[in-house]
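Here the structure comes first, spelled out in structure tokens, and everything after it is commentary.
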Amino acid sequence: MKFGVLVFPGSNCDQDTHHAIGAVAGVPATCLWHESHDLEGCDAVLVPGGFSYGDYLRTGAIARFAPIMQSVRRFAEAGGLVMGICNGFQILCEAGLLPGALMRNAGQRYICRQVHLRVETANSPFTDGLARGQVLRMPIGHMEGNYFCDAETLATLKRDDRIAFRYASAAGEIAAEANPNGSLENVAGILSEGRNVLGMMPHPDRSSEALLGSADGLLLFQSMARSLATA
């Protein structure tokens, strides 16, 4: 089993993500350069946070055209596991691997702080080690994390149980006060139609060890590894 971590110009969480999956979760990991077409036999792909291509034009809009993303698209379409974190979520939406878009935060300010999120489904390779309703604590760090989609798409996500996480209070209540960026219905993460692609704004890579203030993010990486091991 091997995980691949994409690296774009401007990525700043690639090493954090590599450390979380490799050193902490104990799964072999390698970095995949944006100009390559080769996924090097990886069993899962992690699209990390950062500011790919300086966030010029629009977050994720340039990264979607990187050669490596052509391979990621084919990998995902064949059922491969792909997780996009923060800027990675933005890239996956721009690439059409996930529906909707990430807009500027409602307050028009960059937000960097700890948040709570509630697990909305345990029916995915990323969350099958979690319980529906479980509350996790992770940090966010973004300017454009305000998830939006049209009413039809939202209805589909809800009907198909594809909303993975929602921003919540520490007690697990979904309320406006717990929503840091104005995201539609407090959505913090969603799944693809095949349930093999996850995009989320909070950072499991920055919450993989107790030393960081929370180790809740490690649970997602462990779920991915377990799903691959038992597939």
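Laboratory data are not the source of any read-out in this text; all were calculated from the coordinates shown. Quick caveat, the model's predicted, so the values are computed rather than measured. Please note: Cβ atoms are built from the backbone with ideal geometry, for glycine as well, and neighbour counts cover all protein chains shown.
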Among the residues of region 172-231, write down those that are touching a residue at least 12 places away in the same chain (Cβ under 8 Å), acidic (D, E) and either buried (at least 18 other Cβ atoms within 10 Å of the Cβ) or part of a helix (DSSP H, G or I) (or both).
-> E185, D205, D216
Filtering region 150-184 for residues that are over 26 Å from M224 (Cα atoms) and of a type in the set (D, E, K, R) leaves a count of 4
Within region 84-105, the residues that are under 15 Å from G141 (Cβ atoms) and either surrounded by fewer than 24 Cβ atoms within 10 Å (Cβ to Cβ) or touching a Lys or Arg at 6+ places or on another chain (Cβ under 7 Å) (or both) are R104, N105
Which of the residues spanning region 122-139 are surrounded by fewer than 19 Cβ atoms within 10 Å (Cβ to Cβ) and among the β-branched types (V, I, T)?
-> V135
Considering (1) out of contact with any strand residue (DSSP E or B) (no Cβ under 6 Å at 6 or more places or on another chain); (2) closer than 14 Å to P204 by Cβ, say which one P28 fails and leave the rest.
-> (2)
Could you tell me which residue of region 151-171 is farthest from the chain's Cα centre (by Cα), considering only residues that are loosely packed, with under 14 Cβ neighbours inside 10 Å and of a type in the set (K, R)?
-> R159
Has region 22-40 got any residue that is under 21 Å from L228 (Cβ atoms), surrounded by fewer than 17 Cβ atoms within 10 Å (Cβ to Cβ) and free of Cβ contacts under 8 Å to residues at least 24 places away in the same chain?
-> yes
Answer yes or no as to whether G4 is closer than 22 Å to D216 by Cα, touching a residue at least 12 places away in the same chain (Cβ under 8 Å) and either of a type in the set (G, A, S) or surrounded by fewer than 22 Cβ atoms within 10 Å (Cβ to Cβ) (or both).
-> yes
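Residues in region 121-144: is at least one part of a strand (DSSP E or B), of a type in the set (A, V, I, L, M) and farther than 23 Å from A225 by Cβ? Working first, answer last.
Of the residues in region 121-144, the ones part of a strand (DSSP E or B) are 135-142.
This time we only want the ones that are of a type in the set (A, V, I, L, M), so: 135-136, 138, 140.
Remaining after also requiring farther than 23 Å from A225 by Cβ: 140.
The answer is yes, given that some residue of region 121-144 is part of a strand (DSSP E or B), of a type in the set (A, V, I, L, M) and farther than 23 Å from A225 by Cβ.
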